[in-house]
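Rule-based calculations on the coordinates, nothing more; no lab input. Predicted model only: the values in this text are computed from it and were never measured. Ideal geometry is used to build each Cβ from the backbone, glycine not excepted, and the neighbour counts take in all protein chains shown.
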Amino acid sequence: MCGALVALFLLADPALAFDIQGHRGARGLAPENTLAAFRAGLAAGVDTLESDMAVTRDGVIVMAHDPRLNPELVRDPAGRWIEGPGAPIRSLSFEELRRYDIGRLRPEGAYARQWPGQQPADGERFPALSELFDLVRAQPRRVALNLETKITPTSGDEVVAPAEFAGRVVAAVRAAGWQDRVTIQSFDWRTLLEVRRQAPEIATACLTIETERSSTVRPGPDGASPWHAGLKVADHGGSLARLVAAAGCGTWSMFWRDLTEARVREARALGLKVLPWTVNETADMQRLIGWGVDGLITDYPDRLARLRGGAAGR
Ligand code: MG
C-alpha cells in the first residue's frame, strides 16, 4: 500500500514524470506551430507542447520556427504560395503577419514529402503566444510549455536582440503567472543567460547539435562556440554536460543522435534533465527511454504516448 502510494505521488509530480513533448505542437500530425498542431498534440496526450518564438515589428511574440516567411509553408492573402526568401517576421506587424495562411505545406515541396501524415488545416494563422497560453489554460489537466527563442549568433537585425527577446518572453510568462510551467530553450545561449539574469525562477534548457554538417558546439578561434555566450567547454574539462550546467540550464536538450548512455549518466549525475530531440521512430524512442532520459521531443506524440501506455491513462 505504502509503495503504491509513493508510486502514485511520483507519477503525480510533474518534475519526476516522464515528459512527452510535442515538437512544434505535433508536426507529424498537423501544420507546425499552429493552433491545429497544438490541439493535435494535446489530443495525443502530450505533457508539454514544444514551440518556437519570433517577435513582430510591433513587439508581439508569435509562434514560428523560421525568422522569415518560409515558402514551403506560407500562402499570401490571395492564396498564392510566396516565393523565397520571404520577409523577416520582425519586419511585419502582427496584423500584417496574420494575413498569411500557414494551414498546409506547399504540395510539390520537398518539405511536404517529409510529413505525409500531416493533416492540412487551411486558414490557420501564425498564433500569438497569448493564444497558445489561452489554449493551454483551457485544458482540464496541467500541460507545460517548452518555448524556443529563435535567434542565432549571425541573425543580427533580422531578429530582436537577446536581452530584448528574453525580456519580452519573461514579461509574458510572468503576466501569465506561469514561471513554474514554462521552460525557455535555445541553441543561442545568450537569450538563456538573459532569462536567468532577468528571471532566475524560470527554467532554461540548453539546446545543442554536433553533426558534421551542423554544429553549435564547435569552438571558435577564442575557444568558445559562438552559440554559447562566451562560455568555453575547455574551462569545464571538455564536458558539454558541465558546460550546460555552468550556463544555468536545468535541462540539456541535444540532437538525439548525439546522445550516448554515458552522456545520460554524466548529465543526470550533474542534476540535469536529459531531453533529446526530435525522436520519431518507436524503436529509437524505446532505446533512449531505456537509457533513462527524462522525456523526448517528438513530431509524433501519438506514437510516444502509445509507447508510454496510451493517452487514456495519462
Ligand atoms: Mg524548437
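Kirkwood Rh over Cα pairs of the chain into Stokes-Einstein at 10 °C, 1.306 mPa s: D in µm²/s?
79 µm²/s
The residues packed around A112, meaning those with a beta-carbon under 9 Å from its beta-carbon, carry a net charge of +1 if Lys and Arg are +1 and Asp and Glu are -1. The calculated P(r) of region 119-265, using every Cα pair and 10 Å bins from 0, goes 10, 36, 33, 17, 3, 0 in percent.
Report the full-extension gain for the segment A175 to E72: residue separation times 0.36 nm, less the Cα-Cα distance, to one decimal in nm. Write down the numbers at each step before the final one.
Numbers: separation 103, 0.36 × 103 = 37.08 nm, distance 3.40 nm.
Additional length available on full extension: 33.7 nm.
So, counting K/R as plus one and D/E as minus one, what does the shell of residues with Cβ under 9 Å around N146 add up to?
On the way: positive: none; negative: D19, E50, E148.
Neighbour charge sum, excluding N146 itself: -3.
For the options I82, I297, I61, a Gaussian network treatment of the chain with springs between C-alpha atoms closer than 10 Å singles out I82 as fluctuating the most.
For Q185, list long-range residues whose amide hydrogen, built 1.01 Å from N in the peptide plane, is under 5 Å from its own amide hydrogen. For Q185, the qualifying residues are L147, E148, T149, A205. Counted without the sites themselves, the longest stretch of the chain free of GluC sites (Glu not before Pro) in a DSSP loop having at most 13 other beta carbon atoms within 10 Å is 109-200. Only helices reaching 18 angstrom along their own axis (Cα) with mean Kyte-Doolittle hydropathy no lower than -1.0 count here, and for the DSSP H runs of the chain these are 162-176. Approximating the spin labels as points 7 Å out from Cα along Cα→Cβ, the E108-to-E261 distance works out to 4.9 nm. Panel note: the C-alpha atoms of region 150-200, placed on their principal axes, show extents of 32, 16, 16 Å (largest first). Computed over the chain with a Gaussian network model linking Cα atoms closer than 10 Å, the most mobile of T251, T154, T183 is T154.
For the chain, the relative contact order comes to 18 percent (Cα pairs under 8 Å, sequence separation of at least 6).
Relative intensity of region 208-308 on a log10 scale, I(q)/I(0) at q = 0.12, 0.15, 0.20 Å⁻¹, equals -0.41, -0.62, -1.00, per a Debye sum over C-alpha point scatterers of equal strength in the absence of solvent.
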